[in-house]
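In what follows, a single structure is set out as structure tokens and then discussed.
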Amino acid sequence: MSQKQENLIVVLDVGSAFTRVLAGDLNEGALRYRAHAVVESAGMRKGLIAELGPAARAVKAASDQAERQVRVNIDECLVGVGGPNVIGVNTTAGLNFGTRMREISKDDVTIAVERARGVSLPPDREILHLLTRQFVLDEQPGIHDPVGMVGSRLEVDLHMSTCSGSAQQSVVTCANRAGLEVTDTVFEALAAAEATLTADERELGVCVLDIGAHSTELVVFFEGAVAHTGSIPFGGQHFTNDLAVVLQMPVAQAEQLKLRYGHCVVTAVPQLDEVEIRSSQPHGETRMIRHRSVAEILEPRARELFDMVRRSLRDGGVLGALGAGVVLTGGGAVLPGLLDVTESILHVRARIGQPVQLSRMPPELTHPAYTTLVGMLLYAHRKRVTRTAENNSLRAKLRAIFAASL
């Protein structure tokens, strides 16, 4: 195994059902697929890590698989953070410069942002992202970068995406135990948006719903900026559990029934169709049920999910800001009829979000279940490019200062 490759980027998604690793690299400035690995998660409960040992072993297994494919050492990664504990907070703060106008500097912007983030948070909350919604200069809103502009008062509207500090640390500790250093974290719905949204959708207003096994994360963009983030303790596994309880069958069998015959709109299923259910026991009996019976179980859950989504959007003040509609992604997004329920309850158009195609990426990774993973890689790449550009700019300024002093 060769030493670490400098241009390699690795991301880790510790999900309720699966633990996934994706690796890419920069080839002539472009991001290229290198490897991926998927293993069943362990030690998870309700979207959070409950046992570090089994969870770390799953991460190690996925990391080792990816490492064998790229043939270089993998010792650091970016990790995704999600689950039912993510809460978004909007806050505002400003600076007065007196009666005389002056040029706005980067330091002024930093001070304004620091004041805005000074809002009181519960002791266990950690800030995942500080996302600028807009700057207001002398009552002129809609400014994205005020540096170099002239005014007497600067205000900033900030969105803070927060999570449980203990839950975030559990993910980091899990990666560390698997031999990986965590270089950064990203909210999973934000990563999903990175892989699915167009610039027009972000401008017009759009909500991305990342439907996982035990939770659904959401992010709303409006006028090009993040306006709301949140999570709902409800995911695809809840649909499966309902089928298992009502039809009295093992969870694994209920999952297969959902994937094969599931539908979230009762009236879309023919009344006379029947489904054969085989017993999970050897030589067990088979029975026939109405196909509509499956939809009659799934539709109420789907409507409950989107009632909760609607409540989150309303509480965030963005229910009427979805000019480009809703994008559903994640493994739970492909359930037939879910788009119809979305449009029925939220009264906007909806589509399934698939990740953008990277160079050399296998076709199976274009499934909505991999949107967050691909988005995490895109996010890590963008952050690295931005950091490199800033470092180059700083070096250029230092060279100029040094040259002027000669």
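The values are calculated or read from the model by the stated rules, or taken from the named source; none is laboratory data. Computed from a prediction, not measured in an experiment: that's the story for all the values here. For neighbour counting, all protein chains shown are included, and Cβ atoms are generated from backbone atoms with ideal geometry for every residue, glycine included.
Could you list all residues from segment 116-146 that are buried (at least 16 other Cβ atoms within 10 Å of the Cβ) and more than 27 Å from the chain's Cα centre (by Cα)?
V136, L137, P146
Surrounded by 18 or more Cβ atoms within 10 Å (Cβ to Cβ), in contact with a strand residue (DSSP E or B) (Cβ under 6 Å, 6 or more places away or on another chain) and either over 24 Å from G230 (Cβ atoms) or of a type in the set (D, E) (or both): is that true of V109 in this structure? It would help to see each step written out before you state the result.
Working: surrounded by 18 or more Cβ atoms within 10 Å (Cβ to Cβ): yes; in contact with a strand residue (DSSP E or B) (Cβ under 6 Å, 6 or more places away or on another chain): no; either over 24 Å from G230 (Cβ atoms) or of a type in the set (D, E) (or both): yes.
Answer is no for this residue.
Hey, can you tell me all the residues within segment 189-209 that are within 8 Å of the chain's Cα centre (by Cα) and either closer than 14 Å to H228 by Cα or surrounded by fewer than 24 Cβ atoms within 10 Å (Cβ to Cβ) (or both)? So that I can check it myself, show each step before the final result.
First pass over segment 189-209, keeping only residues within 8 Å of the chain's Cα centre (by Cα): 189-193.
Answer for segment 189-209, where residues must be within 8 Å of the chain's Cα centre (by Cα) and either closer than 14 Å to H228 by Cα or surrounded by fewer than 24 Cβ atoms within 10 Å (Cβ to Cβ) (or both): A189, L190, A193.
Output the residues belonging to segment 38-66 that are closer than 23 Å to E217 by Cα and either acidic (D, E) or part of a strand (DSSP E or B) (or both).
Listed by number, the residues that qualify are V38, V39, E40, M44, R45, L48, I49, E51.
Residue pairs, Cβ under 6 Å, 6 or more apart or interchain, first in segment 51-78 and among the aromatic types (F, W, Y), second part of a loop (DSSP other than H, G, I, E, B). List them.
So the pair list comes out empty.
Being in contact with a strand residue (DSSP E or B) (Cβ under 9 Å, 6 or more places away or on another chain), surrounded by 22 or more Cβ atoms within 10 Å (Cβ to Cβ), hydrophobic (A, V, I, L, M, F, W, C) and under 30 Å from A23 (Cβ atoms), is that true of even one residue in segment 157-164?
yes
Return the residues of segment 133-174 that are within 27 Å of A189 (Cα to Cα) and part of a loop (DSSP other than H, G, I, E, B); say none if nothing qualifies.
H144, D145
So how many residues does segment 1-47 have that are at pLDDT below 85, under 21 Å from D210 (Cβ atoms) and either more than 21 Å from the chain's Cα centre (by Cα) or surrounded by 15 or more Cβ atoms within 10 Å (Cβ to Cβ) (or both)?
The qualifying residues number 1.
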